[in-house]
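Student: Structure in structure tokens, see below.
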Amino acid sequence: MVAADDFIPAQLQTFGEPPVDVGDLYIPTPDYVVRGLAQSERIRPRDGLVIPTVEVSFTVPGLPGIFTIRIDNYAFTHADVLAYMRERSYLIRSLYALPATRPPYVDTGPAQVI
């Protein structure tokens, strides 16, 4: 079994303010490989609430470029951020496949570690 500690940079199990557990993001998969994190924030227009956001920079194996997805800090405790990563990687692969069409996205759960 592979653990996040096998891949995560030293001293980076948690990240951001408020801190969230980002360890599992760093386990490379055939779908994506995380290259770095940054902290930012966005303002929710309806009420001006400041929402801390983790910007995840990643590559998609076999494709050129570095991509970024912004994930609200609260999602790390209330949602499946790895599913966000799998779906975003699928969408990027779909763009590179144009004009061909890929089958509709179905999340089949965690990918195998590469």
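What follows draws every value from the coordinates through simple rules; no lab data is involved. These numbers come from a predicted model, not from an experiment.
Student: With N denoting the number of residues in the chain, provide Rg(C-alpha) divided by 2.2 N^0.38 Å, to two decimal places.
Tutor: 1.12
Student: Using the Karplus curve 6.51 cos²θ - 1.76 cosθ + 1.60 with θ = phi - 60°, work out ³J(HN,Hα) for each residue of segment 40-56 in order, rounded to whole Hz, and write x for Gly and Pro.
Tutor: Taking θ as phi minus 60°, the curve returns 9, 8, 10, 10, 6, x, 5, 9, x, 5, 7, 10, x, 9, 9, 8, 9 Hz for segment 40-56.
Student: On to the next question. Considering Cα pairs under 8 angstrom that are at least six residues apart, work out the relative contact order of the chain and quote it in whole percent.
Tutor: 23
Student: Now for a different question. With the Cα gyration tensor of segment 45-86 in hand, convert its eigenvalues to equivalent ellipsoid semi-axes via √(5λ) and list them largest first in whole Å.
Tutor: 25, 13, 7
Student: So who's got an amide H within less than 5 Å of the one on residue 35, skipping anything under 5 residues away but keeping other chains? H placed 1.01 Å off N, in plane.
Tutor: Those qualifying (amide H under 5 Å, at least 5 residues apart or on another chain) are 57, 58, 59.
Student: In addition: What list of ³J(HN,Hα) values in whole Hz, one per residue of segment 14-30 in order, does the Karplus curve 6.51 cos²θ - 1.76 cosθ + 1.60 (θ = phi - 60°) give from phi, with Gly and Pro shown as x?
Tutor: Rounded to whole hertz, the list is 10, 8, x, 9, x, x, 10, 7, 10, x, 5, 4, 7, 6, x, 10, x.
Student: Could you go through segment 84-90 in sequence order and give the Karplus-derived ³J(HN,Hα) for each residue, using 6.51 cos²θ - 1.76 cosθ + 1.60 with θ = phi - 60°, rounded to whole Hz, and x for Gly and Pro?
Tutor: 4, 5, 4, 5, 4, 4, 4
Student: If amide H atoms are built 1.01 Å from N in the plane of the peptide, which residues on other chains or at least 5 residues away come under 5 Å of the amide H of residue 41?
Tutor: When sequence neighbours closer than 5 places are left aside, the close amide H contacts are 53.
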